[in-house]
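Right, one structure below, let's go through it.
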């Protein structure tokens, strides 16, 4: 029992260190560039201010899926469930479903492991391990998150060409 508690604390510490690294990388010039005034996505939240809508431009990201993940994680931490749901495939997620998927955790923190981009049949996939930290810093769930973007295929819609979350599966 004592070994399990020690392992849990060690894992939580590692997750928090990873989170700190993610937050530092979110402050890099690339992340700052994402918040500059670019055209907001038409799927933006109706209740968001014009300044907040500019941050949705990260949802048009075609190069770096980690930028979308950093934005997604920040929306979750801020309790902006409807906004965070915009990182999913168009129309497949809403704030209520997302909150339930996260176990109704208040202000959850996401920590991401290392992922790799792989190509398959005209699309790129980015799969990586994720850890959900909530309830005062305890690791509450671990799983795998998969992102997708369509290569420059004729007829593809803008949202398909941008990195978006395809699915999140929790290990049971």
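The values are calculated or read from the model by the stated rules, or taken from the named source; none is laboratory data. A quick note: this is a predicted structure, and the numbers were derived from the prediction, not measured. Note: ideal-geometry Cβ built from the backbone for every residue, glycine included; neighbour counts use all protein chains shown.
See the values below:
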read-out: Failed criterion for residue 114 (all others in (1) out of contact with any strand residue (DSSP E or B) (no Cβ under 7 Å at 6 or more places or on another chain); (2) exposed (fewer than 13 other Cβ atoms within 10 Å of the Cβ); (3) modelled with pLDDT of 50 or more hold); value: (1)
read-out: Lone qualifier among 76, 86 - being surrounded by 15 or more Cβ atoms within 10 Å (Cβ to Cβ) and touching a residue at least 40 places away in the same chain (Cβ under 8 Å); value: 86
read-out: Check on residue 45, at pLDDT below 80, outside any helix (DSSP H, G or I) and in contact with a helix residue (DSSP H, G or I) (Cβ under 8 Å, 6 or more places away or on another chain); value: yes
read-out: Residue check for residue 7: over 17 Å from residue 130 (Cα atoms) and either crowded, with 19+ Cβ neighbours inside 10 Å or at pLDDT 50 or above (or both); value: no
read-out: Every residue from the stretch 100-126 that is part of a helix (DSSP H, G or I) and closer than 15 Å to residue 165 by Cβ; value: 101
